[in-house]
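The values are calculated or read from the model by the stated rules, or taken from the named source; none is laboratory data. Not measured: the values here are computed from a predicted model. Here the Cβ positions follow ideal geometry from the backbone for every residue, glycine too, while neighbour counts run over all protein chains shown. For the accessible areas, the whole protein counts, side chains as well, though only heavy atoms, and no ligand, DNA or RNA atoms are used. Shrake-Rupley method; radii C 1.70, N 1.55, O 1.52, S 1.80 Å.
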Amino acid sequence: ADIGQGNAVLVRTAGHALVYDAGPRFSRESDAGHRVLVPLLRALGERVDTVLLSHRDSDHVGGAQAVLAMQPQAALISSMEEGHPLHALRQPSRCVAGMRWQWDGVDFEMLHPMPGDYDGAAKSNALSCVLRVSTPRQAALLVGDIEAEQEASLLQRGAVLKADLLLVPHHGSKTSSSERFLQAVAPRIALVQSGYRNRFGHPAPSVVARYDARGIRLVDSPHCGAATWRSAQPEQLQCQRESNRRYWHHLVP
């Protein structure tokens, strides 16, 4: 499995591809789909099998329309409510725990939400689709914007969370990355999708401290840019801002 991270995640096996979330919409004329994902997929010559939108928040689905238009064959899986405007482009399957499939010897398993969660969830974050991608030896855990309550639910249900790579819950918000959750996942590397000097202060200092205390390598978007992780080399992470530095790149402190 090959996983690249930016405002979205592209998961690639030998012959298949999945896009997990599609980044933000910047304005009516600009979004991460048109500016980042579509050019990337075109450059790679990638045919996407599935677009998985973790939840309805605009910073996760803002670029989806462009990706779906470019990839008419791609199936859509999401936790978005019925009647969401994106449903006019593609009829989605609802993500629920227990969904699973295999591509080229790589297992994909949905761990959250449970079917009953759709009845009582007050926040879209609580319905984030949690996907574990695993080979017999390595795994990556993609968790959207789940918070401590959903982390506790996963632990209570005995979900297999162990992973070499963790997409940090909720951009490193102080409402997530609980001690017990990090203990169960025990990742080598954790990726924070956060904007440079973002107004929320993500990742929160208290969250960074929890990762540091466990010796987990924490990598964020402003310093790394697009990150590439391969299950064949689980201890390594390639950062585009390091491997392909350009003179116009701002050096983040």
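Springs between alpha-carbon pairs under 10 angstrom, Gaussian network model over the chain: which of H60, H84, H16 fluctuates most?
H84
Please return the longest range in the chain lying between exposed loop sites, taking GluC sites (Glu not before Pro), DSSP loop only, at most 10 other beta-carbon atoms within 10 Å, and leaving the sites out.
Working: sites that count: E29, E82, E235.
In the chain, the maximal stretch lacking such sites is 83-234.
Does segment 92-170 come out rounded, prolate or oblate by the C-alpha gyration tensor, with a ≥ b ≥ c the root eigenvalues, rounded set by a/c under 1.5 and, if not, prolate when a/b is larger than b/c and oblate if not? The partial results should precede the final answer.
Numbers: a/c = 2.00, a/b = 1.48, b/c = 1.35.
Prolate, because a/c is 1.5 or more and a/b exceeds b/c.
What percentage of the solvent-accessible surface of the chain, computed with a 1.4 Å probe over protein heavy atoms, is contributed by carbon and sulfur atoms? Please list the in-between numbers first.
Values: 6000 of 12100 Å².
Accessible surface attributable to carbon and sulfur in the chain totals 50 percent.
Using the eigenvalues of the Cα gyration tensor, what equivalent ellipsoid semi-axes result for segment 1-141 when each is taken as the square root of five times the eigenvalue, whole Å, largest first? Each step should come with its number before you reach the end.
Values: eigenvalues 89, 88, 31 Å².
Calculated on Cα positions only, the semi-axes equal 21, 21, 12 Å.
Mind pulling the per residue volume of the convex hull built on the Cα atoms of the chain? Å³ is fine. Before the final figure, lay out the partial values.
Numbers: hull volume 32.9 nm³, N = 253.
That works out to 130 Å³ per residue.
Which is the longest stretch in the chain that no exposed loop site breaks, taking sites as chymotrypsin sites (Phe, Trp or Tyr not before Pro) with a DSSP loop state and at most 10 other Cβ atoms within 10 Å? The partial results should precede the final answer.
Details: sites that count: Y196, Y247, W248.
Value returned for the longest uninterrupted segment is 1-195.
Relative contact order of segment 108-199, please, whole-number percent, based on alpha carbon pairs below 8 angstrom and at least 6 residues apart.
On the way: 152 pairs, mean separation 21.3, N = 92.
With pairs under 8 Å counted, the relative contact order is 23 percent.
Please compute the modelled spin-label separation between R94 and R217, points set 7 Å along Cα→Cβ, answer in nm with one decimal.
About 4.0 nm, to one decimal.
Given the convex hull over the Cα atoms of segment 64-126, what projected area results after averaging over all orientations, in nm²? Could you put the intermediate results ahead of the total?
On the way: hull surface 20.9 nm².
With every direction weighted equally, the projected area is 5.2 nm².
Please sort by residue number the trypsin sites (Lys or Arg not before Pro) in segment 46-155 whose DSSP state is loop and whose Cβ has at most 15 other Cβ atoms within 10 Å.
Details: sites: R47, R56, R90, R94, R100, K123, R132, R137; in loops: R47, R56, R90, K123, R137.
Listed in order of number, the matching sites are R47, K123, R137.
Rounded to the nearest 10 Å², what accessible area does L76 have for a 1.4 Å probe in the complete protein model?
0
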